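Participant: I have a structure here, written as structure tokens, and I will follow up with some questions on it.
The values are calculated or read from the model by the stated rules, or taken from the named source; none is laboratory data. In this text, all values refer to a predicted model and were calculated from it rather than measured experimentally. Here the Cβ positions follow ideal geometry from the backbone for every residue, glycine too, while neighbour counts run over all protein chains shown.
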Amino acid sequence: MPRSNRYILPGYIYHVTHRCHNRRFLLKIGLDRTEYRERLRLALQEYRISLFAYCITSNHTLSCWSVGSKTISAE
């Protein structure tokens with residue numbers, strides 16, 4: 001069953017969780033975590049996301065952020 005649309009509004013703070021596919025442990029080694037951090041850095045620049053905190057574990061990530069006027073869902 002599909003999820004309903006999510007509305008992300010500028011100025012609000014969001015707690016975001018990303019879980020690895022099938023709950024697998026895909027972020028175990030430092031190289032994978034480094035790649036995740038680099039992609040996160042690029043997304044922060046492109047979409048004007050203010051990142052307050054993040055945590056990378058072996059099978060999921062947690063972050064706390066807010067968005068500016070341009071968001072991924074606006075494209």
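Participant: Output the residues belonging to segment 2-17 that are out of contact with any strand residue (DSSP E or B) (no Cβ under 9 Å at 6 or more places or on another chain) and either closer than 17 Å to residue 54 by Cβ or among the basic types (Lys, Arg) (or both).
Facilitator: Within segment 2-17, 3, 6 qualify.
Participant: Return the residues of segment 51-75 that are modelled with pLDDT under 90 and not in a strand (DSSP E or B); say none if nothing qualifies.
Facilitator: Of everything in segment 51-75, those that are modelled with pLDDT under 90 and not in a strand (DSSP E or B) turn out to be 68, 69, 70, 71, 72, 73, 74, 75.
Participant: Right, something else. Can you name every residue in segment 38-50 that is in a helix (DSSP H, G or I) and surrounded by 11 or more Cβ atoms within 10 Å (Cβ to Cβ)?
Facilitator: 40, 41, 43, 44, 47
Participant: How do the pairs read when you match residues in segment 10-26 that are closer than 16 Å to residue 63 by Cα with residues anywhere that are in a loop (DSSP other than H, G, I, E, B) and not aliphatic (A, V, I, L, M), using Cβ under 8 Å and keeping only pairs 6 or more apart or on different chains?
Facilitator: Taking only residues 6 or more apart or on different chains, the pairs are 19/59; 20/59.
Participant: Quick one: is residue 4 at pLDDT below 95 and in a strand (DSSP E or B)?
Facilitator: Criteria not met by residue 4.
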